[in-house]
1. Taking the residues in the stretch 42-75 that are loosely packed, with under 15 Cβ neighbours inside 10 Å and under 20 Å from the mean Cα position of the chain (by Cα) as candidates, determine which candidate is nearest to Val117 (Cα to Cα).
2. For Ser32, are the conditions met, namely being closer than 29 Å to Ala145 by Cα, surrounded by 13 or more Cβ atoms within 10 Å (Cβ to Cβ) and in contact with a helix residue (DSSP H, G or I) (Cβ under 7 Å, 6 or more places away or on another chain)?
3. Take the residues in the stretch 102-141 that are closer than 18 Å to Glu29 by Cα and not hydrophobic (A, V, I, L, M, F, W, C); name whichever of them is surrounded by the most Cβ atoms within 10 Å (Cβ to Cβ).
4. Listed residues Pro9, Pro56; which is modelled with pLDDT under 95, part of a loop (DSSP other than H, G, I, E, B), of a type outside the set (D, E, K, R) and under 30 Å from Ala140 (Cβ atoms)?
5. Looking at the stretch 36-58, which of its residues are polar (S, T, N, Q) and within 26 Å of Thr83 (Cα to Cα)?
6. Hey, can you tell me all the residues within the stretch 90-124 that are of a type outside the set (Asp, Glu) and in contact (Cβ under 8 Å) with a residue 60 or more places away in the chain?
7. For the stretch 76-89, give me each residue that is surrounded by fewer than 17 Cβ atoms within 10 Å (Cβ to Cβ) and free of Cβ contacts under 8 Å to residues at least 24 places away in the same chain.
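The values are calculated or read from the model by the stated rules, or taken from the named source; none is laboratory data. Here the structure is a predicted model, which is why all the values come from computation and not from measurement. Here the Cβ is made from the backbone with ideal geometry for all residues, glycine too, and neighbour counts use every protein chain on show.
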Amino acid sequence: MSPSNSPTPAAPSASDVSVTLRTQASRQEALSRGLALASLIALFVLCLAWELWLAPTGSGTLAIKALPLLIPMLGLWRYRLYTFRWLSLMIWLYFAEGAVRATSERGLSAWLAGLEVLLSVLIFAACAMHVRLRLAAAKAATAAAQSSETSTP
């Protein structure tokens, strides 16, 4: 084989780069997860209390709207990034319902709808913050691993 036809060394692929996995969440990640989880639990309790006891609409069948809020709780507890991502999209349904009811109803229901809007915004902000922190940490860890790979002879 002639020198001009020799294979060039390939750049390390993503599978070749060893990335140290983090086992502990940072303080900010734990704070954002705690805020998201607490707000989600509060929204679940608010939805149930609102439709069953505080200001029921009809025969209380609207309380079923609280059931989808149970699905992401385990994922938030386990720091599942995918759960934070899809919850930040799903929560806008609760925001929209709260905004409509806050402007169309009177009395206690309007205040409860305003609280639903506030909790929805808190959940969204906490999820967005958590996703940004996790992605930044992963990017920094990958960059550190790649720089240590290139500096090693």
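1. Filtering the stretch 42-75 for residues that are loosely packed, with under 15 Cβ neighbours inside 10 Å and under 20 Å from the mean Cα position of the chain (by Cα), the one nearest to Val117 (Cα to Cα) comes out as Val45.
2. yes
3. His130
4. Going through Pro9, Pro56 in turn, the sole match is Pro9.
5. Once the filter is applied, which keeps residues that are polar (S, T, N, Q) and within 26 Å of Thr83 (Cα to Cα), the stretch 36-58 yields only Ser39.
6. Leu112, Leu115, Leu119, Ser120, Leu122, Ile123
7. Residues satisfying the conditions are Arg78, Arg80, Tyr82, Trp86, Leu89.
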